[in-house]
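Q: Dropping a structure here in structure tokens format, bear with me for questions.
The values are calculated or read from the model by the stated rules, or taken from the named source; none is laboratory data. Small disclaimer: the values here were computed from a predicted structure and weren't measured. In this analysis, Cβ positions are derived from the backbone assuming ideal geometry, glycine residues included, and neighbour counts consider all displayed protein chains. Remember, those area values only see protein heavy atoms, side chains included, never the ligands or the DNA or RNA. Shrake-Rupley method; radii C 1.70, N 1.55, O 1.52, S 1.80 Å.
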Amino acid sequence: MSSSPHTPEAEKEARAEDAAVESKQEQEQEEGKQDERDAVFVNSRVFYLEPKQLAAMLQDKEQAKGVLVVDVRDTDIGDTMIAGNTINVPAGLLTQRTLEDALSRLGTSLADYKTVVVHCMYSQVRGPRSARLINSFYPNRKFDLCVLRGGFCSWFSSYPKLLQPAQPYP
């Protein structure tokens, strides 16, 4: 791959891919072809989490300690991210090592969390793909692995008080 994941071309490509998947899913829903199970699960070990469910978890101080949010946006990260134990590892850079390096900057490890929530801007492509990748890194994991339905876009508009300044991956 010759282009850096932090170029305008890569951002445009990621947005186009997200939009294409979203369009296809909308079409499938209209045609009645989307399996009810797809609305809940990304695969058998990764499921979707509604923004209101994550908000409830983060607003409970004790429960929030066990929640890790993995933001896989890259050049589209902007100025804010979901508040709490949140790390940014761009989808194009996500490996087991980069994930663990980002966690070490928080002073934690995955063993400290009961729930890991992954998202990108819309959670249509990069978020689910990254969650499946994390699932493959930890086949015997003890934490729940989720994708935030609607991604950061749905979170940003619904929960502006549960945001913090972005801390992009170095």
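Q: Of all residues being touching a residue at least 60 places away in the same chain (Cβ under 8 Å) and out of contact with any Gly (no Cβ under 7 Å at 6 or more places or on another chain) in segment 53-66, which is most open to solvent (accessible area, probe 1.4 Å)? Just the residue, please.
A: That would be Gln59.
Q: Right, here's the next one. So, of the residues in segment 39-52 that are of a type outside the set (Ser, Thr, Tyr) and open to solvent by 80 Å² or more (accessible area, probe 1.4 Å), which turns out to be nearest to Leu162 (Cα to Cα)?
A: Within segment 39-52, the match that is nearest to Leu162 (Cα to Cα) is Lys52.
Q: Does at least one position in segment 97-106 carry a residue that is over 19 Å from Glu50 (Cβ atoms), open to solvent by 10 Å² or more (accessible area, probe 1.4 Å), among the β-branched types (Val, Ile, Thr) and not in a loop (DSSP other than H, G, I, E, B)?
A: Looking for residues that are over 19 Å from Glu50 (Cβ atoms), open to solvent by 10 Å² or more (accessible area, probe 1.4 Å), among the β-branched types (Val, Ile, Thr) and not in a loop (DSSP other than H, G, I, E, B), one finds at least one in segment 97-106, hence yes.
Q: Kindly check whether there is at least one residue in segment 139-151 that is in contact with a Pro (Cβ under 6 Å, 6 or more places away or on another chain) and either among the β-branched types (Val, Ile, Thr) or open to solvent by 70 Å² or more (accessible area, probe 1.4 Å) (or both).
A: Among the residues of segment 139-151, at least one is in contact with a Pro (Cβ under 6 Å, 6 or more places away or on another chain) and either among the β-branched types (Val, Ile, Thr) or open to solvent by 70 Å² or more (accessible area, probe 1.4 Å) (or both), which makes the answer yes.
Q: Keeping to segment 107-150, report how many residues are free of Cβ contacts under 8 Å to residues at least 40 places away in the same chain and assigned to a helix (DSSP H, G or I).
A: Qualifying residue count, segment 107-150: 4.
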